[in-house]
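Report on one structure; see the data block that follows.
The values are calculated or read from the model by the stated rules, or taken from the named source; none is laboratory data. Bear in mind the structure is a predicted one, so any value in this text is a computation, not a measurement. We place every Cβ from the backbone using ideal geometry, glycine too, and count neighbours over all the protein chains shown. These accessible areas exclude ligands, DNA and RNA; they are computed on the full protein's heavy atoms, side chains included. Shrake-Rupley method; radii C 1.70, N 1.55, O 1.52, S 1.80 Å.
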Amino acid sequence: MRLLIGSLFTLAVAAAIGLGITWVAVTQGAAYGGITLGAWSAWPRVGTASIDPYARAMIARSGELPVGSGDGVAFYARTDDARRTLDGRCDVVLSRTTPQARYWTVTLYDPQGSLVANSVQRYGFTSQEIIRDQDGTFELTVGPRARPGNWLPTGAIERYVLVLRLYDTPIGVATRSGRDVPMPAIAQRGCR
């Protein structure tokens, strides 16, 4: 009887640990094969047949349609370069340039994956409409108050996620370091 109770206890502990690790992987974006470049993270294998089970569960849970590996890759940022959580009550600036891509978009989502509601109904920018400096760099302010130039309104939500989608790009599974990939810098400038 003691052996049976001990075995059941061990099985329950193992199941709890396994389910806990799975929950963290699915809810916190901990799929295998990820790329991290500064504050940006991507999982290039998500749009392929070799997708891992955790990434498959993340996609099933979120309901999003992943970018196919032949089409491009999506990078997610939940923090700035100093690892501070992106706060919709603060001004956050994306600057510099993006990796080589035929076309790209940057979009603002809430942590649940929905577009952030705002009064001007502006949810993102594309590579074709962003205002650039003469050297090709840009500066995009994400914040609660209107700004001149490139501005994405946060609606003053507490937390948000930036998604940079690169289409027709060489960035992918083979990319492992930020030395050869110029990702946009993310810096917090101030809060209200």
Item to check | Expected-Rg normalisation [2.2 N^0.38 Å, Cα atoms] applied to segment 73-136 | outcome: 1.22
Item to check | Residues with amide H under 5 Å from that of Y103, placed H, sequence gap 5 or more | outcome: Y167
Item to check | V13, V163, ranked by accessible area, largest first (probe 1.4 Å) | outcome: V13, V163
Checklist entry - What order do you get for 130-143, 73-86, 108-121 when each peptide is scored by the mean count of other beta carbon atoms within 10 Å, highest first? => result 73-86, 130-143, 108-121
